[in-house]
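The values are calculated or read from the model by the stated rules, or taken from the named source; none is laboratory data. Treat the numbers as computed from the prediction; the structure is a model and nothing was measured. As a convention, Cβ positions derive from the backbone with ideal geometry for all residues, glycine included, and neighbour counts pool all protein chains shown.
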Amino acid sequence: MRRLLASVLLLQALYANLSIAAEHLMSLVVTQPYLELHSGPGRGYPVVYVVGRDEWVTVLYSRTDWYKVRAPNGQEGWARRDELASTVLASGEPAPIPPYPDFVSHTWELGAGYGVYNRENLVTAYADYGITESIDAEAVLQQAFGTIDNRVIASIGLRHTFLPEWKWFSPTAGIGTAYQHIADKAPPAPLESSNQMAYVSLGARGFITRRFMWRADWRHYVVFNNLNRYEDLEEWKFGLAVFF
Amino acid sequence: MEIRLGSILLAAALLSGCGWFHRGEQPQNQVVAEEPPGEPSVIEPQVNRREVKTPKVKAKDLEIGAYFGALSIQDFGVNPVYGARLAYHVSEDIFLEGFLGTSKAGTTSLEDVFPDITVVSNAGRQFTYYDLDLGYNVLPGEVFLGRGRAFNSQLYVTVGMGDVKFAEKDQFALNFGVGERLLITDWLALHMDVRDHVFETSLTGRTKNVDNIEATLGLTTFF
């Protein structure tokens, strides 16, 4: 922990030095009557400077929907994404200010959520890669907190989205393999401390706003054990995710 | 024969020379030939296109940092806590944040009064947690330092869940927090946070929900 903290502080110091180094920056010409620069990256921050038509601005970096720009006289401020998108490059081409990623065809997803695993509280985090619009590969890491044991579950699997073009709600189904590690066992807990598992899942996903989405999932696990009996587990969870 | 060969070679050289000389005009002649009479000829410029690479704008939506403060572990006194945090800003209002922190619990009043009694072993006094939170910037604004200086700031609330490892056992914990982010520069921020880690335990006899409130001061950078 101490080492982690030290490395975080070191990274901060390194980063501070790096940000001073000169970078190759994008320059844009204002084509609308004016471009407003706010004092902060938010709708409420006051306008501190106005760049006129045909003047140049240098784009330094972005934060969420805001771009930090520098006016010719050195004045810096934050411009809104949609306002900056109507400027042009020196060549006259429209400014390459990317729009939000398209929800239907997005590739990456990172999310976390709450669930119930084998009637135990579950904290879940996942990464998801879209192979096609309707087929994803997902990797999930989760921790279940029970009264008689604690479990860490890691799984990888494939998921099919039935109607990816349904933005607000589309059903999904998946299969995969998982591994569970059981710790802190109290007497009535399982005899084995780790198992290989396989699962099938049914779920749904939907778009919320910008690059935000939700996911709900129900999973049925079959546990491969050496106890000479059939063992299965159920899980459901709900999570929020960011897509790229 | 020699003269004839020489003149053929000379003619060939001349022709090729003329060809070389008029190379630039050849397409023009062709265009003129194809165009209906009366229209002006178009000159195609023989200039190579310059490859212009537009620099990419760097997105600085991630915030990483460290914090230090005091954690009140219910029944176990107030103790120093420190940790690391990583946030991703989704929009100007919403962010996702993860925390990783640790502290060491003191003794309960019972242990203070009766020194022979041990509620938790020495190794079990280590209080380690991780949180996954959803944050909302409720009150963005500016704070003023004297006449000439203004700093951007955001008052935010967070809610989330995670794990608390205490008394050598992992417990599911809910987190509620409120904090202030003060941007010293656009990439360096000072945080003041108050957060509560709530979990169920039966360490001190009966099963109950315990509130473990921490107050911390942190420093983060955007990248």
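What number of residues in the stretch A:61-88 are of a type outside the set (Asp, Glu) and at the interface with another protein chain (Cβ under 8 Å from one of its Cβ atoms)? Looking only at that region, the number is 7.
Against the list (1) over 30 Å from B:GLU200 (Cβ atoms); (2) touching a strand residue (DSSP E or B) at 6+ places or on another chain (Cβ under 6 Å), the condition A:GLY74 fails is (2). Residue count for the stretch B:96-107 satisfying the condition of being under 19 Å from the mean Cα position of the chain (by Cα) and facing chain A (nearest Cβ under 9 Å): 3. Checked against the criterion of being acidic (Asp, Glu), outside the structural domain of B:VAL194 (by TED's automatic domain parsing), more than 30 Å from B:LEU188 (Cβ to Cβ) and at pLDDT below 65, the stretch B:16-28 contains one or more residues that satisfy it. Restricting the stretch B:139-181 to residues that are surrounded by fewer than 17 Cβ atoms within 10 Å (Cβ to Cβ) and among the acidic types (Asp, Glu) leaves a set whose member that is nearest to A:ASP184 (Cα to Cα) is B:GLU168. A single entry from A:VAL88, A:VAL116 fulfils the requirement of being assigned by TED's automatic domain parsing to the domain that holds A:ASN150 and farther than 18 Å from A:ILE208 by Cβ: A:VAL116.
Looking only at the stretch A:174-203, count every residue that is surrounded by 17 or more Cβ atoms within 10 Å (Cβ to Cβ) and at pLDDT 80 or above and tell me the total. Qualifying residue count for the region: 10.
For the stretch B:155-164, the condition holds for no residue, the condition being that it is without any contact (Cβ under 8 Å) to a residue 12 or more places away in the chain and either charged (D, E, K, R) or part of a strand (DSSP E or B) (or both). Within the stretch A:198-213, residues that are within 13 Å of another protein chain (Cβ to nearest Cβ) have Cβ atoms under 8 Å from residues that are of a type in the set (Val, Ile, Thr) in these pairs: A:ARG210/B:VAL90; A:ARG211/A:VAL242; A:ARG211/B:VAL90; A:PHE212/A:VAL242; A:PHE212/B:VAL90; A:PHE212/B:ILE94; A:MET213/A:VAL242, counting only partners at least 6 apart in sequence or on another chain. Kindly indicate whether B:LEU110 is of a type outside the set (Ser, Thr, Tyr) and within 11 Å of chain A (Cβ to nearest Cβ). Here the answer is no, as B:LEU110 does not meet what is asked. Taken over the stretch B:77-128, the residue count meeting the criterion of being free of Cβ contacts under 8 Å to residues at least 60 places away in the same chain and of a type in the set (Lys, Arg) is 2.
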